[in-house]
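What follows is a set of notes on a single structure, which appears directly below.
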Amino acid sequence: MADETVGATFDEALVGELGETAVALDGTDPTAPLDDLAPLRDVLADVRVVGMGESTHGTRECFRFKHRLFRFLVAELDYQLFAIEANFSETLALNEYVVDGDGDPRDGLANIYFWTWATEEVLALVEWMREYNESRPRSERVRFHGIDAQYLPGAATALSEYLAAVDPEYLATVETDCDALAGDPLSTYDLDDDAVAEAQTELDRAIDLATDLDARLEANEDAYVEASSRSAFELARRHCRVLQQATAFKQAQLDDDGQAAYEVRDAAMAENVAWLLDYEDEHRVAVWAHDDHVRRGEVEAPDWTAETMGEDLDSEFGADYYALSLQFARGEFQVYDPDSDAPTRAVSIADPPAESLPNLFDTLGGDAAVLDLDAVDDGSPLEDWLAEPRRVHSIGATFDADDYPGDYVPAYDLRETFDGVAFVGDSTRARPVERGGE
């Protein structure tokens, strides 16, 4: 497939228009001045939800750009709410650190199950949020939340703690089941036939518990609010809802139904974004996730297609949702390594596929740029080029260099899928961090 990664010679007018329309950036350093991002102020002024994508889960420059973009959103457009593709319940520990300074952020990142975010770059964002908040009243502090629902322990533990405070007698009847889920017996689905039946029994137990807890919370709302607070009760209800979302996701996994698993998960993330806006009483939120989640439309697998979080957010927020892809040309990034305790390894790409979007951006020769697709002139060479599906990098948790470009560079109708594209020329590996005390 090497011939596919030989750079194309693009029409001079096309390259010239891209250079004039895209906003050249001074780099991705999150501590740098934000003046070069000023053209985005008008682009994002009326947006309620900014989907900040990434074309790999392990590119340092993409993570640093998103940190920088969130700083801009906070400084220029009064954003106070940040949400990330990580399990809702477990990520609350990071919010406690960001808002009040409680806990250790390294432990917080290590405990949300996502090797993708246990990096120096995400830690730097968390530390910047904490520093930003220290001198501000609580009403003006930024918050850090997760929106995913793949795991059971955090929600089960949080519900046990809440019930211990408001209804200890009822807790005694479900505590054994809650404790079982806190150990997450369903975290692995590489199961032989005998183990599948056992896992289904555990999952049925979890589904029944979630149903019982939901009914108990609804029936005792007034008493529970009085015994705690409205905010604490609504948070407990969300933990319960996340438990339901996670069990639905795990059932789809156990059924080996990739389409259902993807759609259940992405619908859950979109629902949790909308809930966060209400719960935090905020008008705007920045959402950090992979391109395949923030994009509109459907992702395609060999045997199925599935609607994305971005499609659900578009249905909910319409023009108030802005989906931003983050692309790169070449370089190193990290991926999951199932054969190692690391748990990641570095891989690399020499050059982008010919006539792909990264290939076109690469002709500009700059380090970083942002293109608002709405700014492309009607009837221009760039609009004509974008009228055809164009290939972009979209690399998930794993990577096999022998299969590149292949499915790692799908073709999208970019103007239907995204609202904007950010680009960095060279990718370097995101830098893993150790947890506190190690």
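The values are calculated or read from the model by the stated rules, or taken from the named source; none is laboratory data. Keep in mind that what you see is a predicted model, and the values were worked out from it rather than measured. Glycine also receives a Cβ, built like all others from the backbone with ideal geometry; neighbour counts cover every protein chain displayed.
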Any idea which residue in region 126-154 is farthest from the chain's Cα centre (by Cα), counting only those that are surrounded by fewer than 21 Cβ atoms within 10 Å (Cβ to Cβ), acidic (Asp, Glu) and farther than 19 Å from Arg68 by Cβ? Glu134
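Condition check ((1) over 23 Å from the mean Cα position of the chain (by Cα); (2) modelled with pLDDT under 95; (3) outside the structural domain of Val347 (by TED's automatic domain parsing); (4) part of a helix (DSSP H, G or I)) across all residues:
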site	(1), (2), (3), (4)
Ala8	yes, yes, no, no
Leu14	yes, no, no, yes
Thr56	no, no, no, no
Leu69	no, no, no, yes
Ala83	no, no, no, no
Ser340 passes all but one of the listed conditions (1) at pLDDT below 95; (2) part of a helix (DSSP H, G or I); (3) among the hydroxyl-bearing types (Ser, Thr, Tyr); the exception is number (2)
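Residue-wise test of (1) touching a residue at least 12 places away in the same chain (Cβ under 8 Å); (2) within 24 Å of Leu313 (Cβ to Cβ).
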{"position": "Asp367", "(1), (2)": "yes, no"}
{"position": "Leu382", "(1), (2)": "yes, no"}
{"position": "Asp400", "(1), (2)": "no, no"}
{"position": "Tyr404", "(1), (2)": "yes, no"}
{"position": "Asp413", "(1), (2)": "yes, yes"}
{"position": "Thr417", "(1), (2)": "yes, yes"}
{"position": "Gly420", "(1), (2)": "yes, yes"}
{"position": "Asp426", "(1), (2)": "yes, no"}
It is to be established whether one or more residues within region 402-414 are part of a helix (DSSP H, G or I), of a type in the set (Ser, Thr, Tyr) and surrounded by 17 or more Cβ atoms within 10 Å (Cβ to Cβ). yes
Going through region 210-264 one residue at a time, which ones are of a type in the set (Lys, Arg) and surrounded by fewer than 23 Cβ atoms within 10 Å (Cβ to Cβ)? Arg216, Arg230, Arg237, Arg238, Arg241
Within region 158-179, the count of residues that are surrounded by 17 or more Cβ atoms within 10 Å (Cβ to Cβ) and at pLDDT below 95 comes to 2
Does Glu300 satisfy being of a type in the set (D, E, K, R) and in contact with a helix residue (DSSP H, G or I) (Cβ under 8 Å, 6 or more places away or on another chain)? no
Looking at Ala248, Ala274, Ala261, which one is farther than 22 Å from Leu209 by Cα and part of a helix (DSSP H, G or I)? Ala274
If Gly103 satisfies every condition in (1) part of a loop (DSSP other than H, G, I, E, B); (2) out of contact with any His (no Cβ under 9 Å at 6 or more places or on another chain); (3) under 22 Å from Met269 (Cα atoms) but one, which is the exception? (3)
Please work out if Thr91 is in a helix (DSSP H, G or I), at pLDDT 95 or above and touching a His at 6+ places or on another chain (Cβ under 8 Å). yes
Across region 340-396, what is the number of residues that are surrounded by fewer than 19 Cβ atoms within 10 Å (Cβ to Cβ) and farther than 19 Å from Val294 by Cβ? 26
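So which residues in region 277-314 are within 18 Å of the chain's Cα centre (by Cα) and assigned to a helix (DSSP H, G or I), if there are any at all? Steps first, please.
Step one: list which residues in region 277-314 are within 18 Å of the chain's Cα centre (by Cα), which gives 277, 284-299, 306-314.
Listed by number, the residues that qualify are Leu277, Asp291, Asp292, His293, Val294, Met309, Gly310, Glu311, Asp312, Leu313, Asp314.
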